[in-house]
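Chemist: Here it is, the structure, as structure tokens.
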Amino acid sequence: MSFNPLSAIHKEHKLEGHNYIVWKQNLDIVLSAEEYKYVLTTECPPEPAANASAAVKETYRKWCKANEMAKCYMLASMSKYFNISIKNRAAKSLAFRSIMTKVMKEGTSSLPASYQQFKLNFGMNKRAYTLAELLTELQSAEDLMV
């Protein structure tokens, strides 16, 4: 049995919540090596019409396959805690869709109005957060809104 460095990176650096930055760096390495990373930054091409060229259909098929594989790598690299907390396949799908579509529009300078309390608390605390701590705080704020 041969040693697979990608598998080792993937197994040894599971997302635990506090280690988001390291997890993301390792996920980027794995997705880049497997040539799937582009789906994180490239929109899905429109579904081709029935009369579309074979090249257009193949581009769409490859993007969909790469997207599915990227999602599988992400799920596989999350700790059991994350997988247990998301009880079923429908909830996992919804959570993943939420993660993948949560982006700020270009040129936006702030969080939406629904985060007003978070912004107020953040400003009053005057604490220097690491990216991982900030993500945890934002997730907690979002959980309170639901």
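Chemist: Among the residues of segment 10-65, write down those that are among the small types (Gly, Ala, Ser) and under 27 Å from GLN139 (Cβ atoms).
Modeler: GLY17, SER32
Conditions tested, residue by residue: (1) on the phi > 0 side of the Ramachandran plot; (2) without any contact (Cβ under 8 Å) to a residue 24 or more places away in the chain; (3) in a loop (DSSP other than H, G, I, E, B).
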| position | (1), (2), (3) |
| --- | --- |
| HIS18 | no, no, yes |
| ILE21 | no, no, no |
| ASN26 | no, no, no |
| VAL30 | no, no, no |
| GLU35 | yes, no, yes |
| PRO46 | no, yes, yes |
| ASN51 | no, yes, yes |
| VAL56 | no, yes, no |
| THR59 | no, yes, no |
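Every number here is computed from the coordinates shown, using simple stated rules; none is lab data. Quantities reported herein were computed from a predicted structural model and do not represent experimental measurements. All Cβ positions, even for glycine, are placed from backbone atoms using ideal geometry, and neighbour counts span all protein chains on display.
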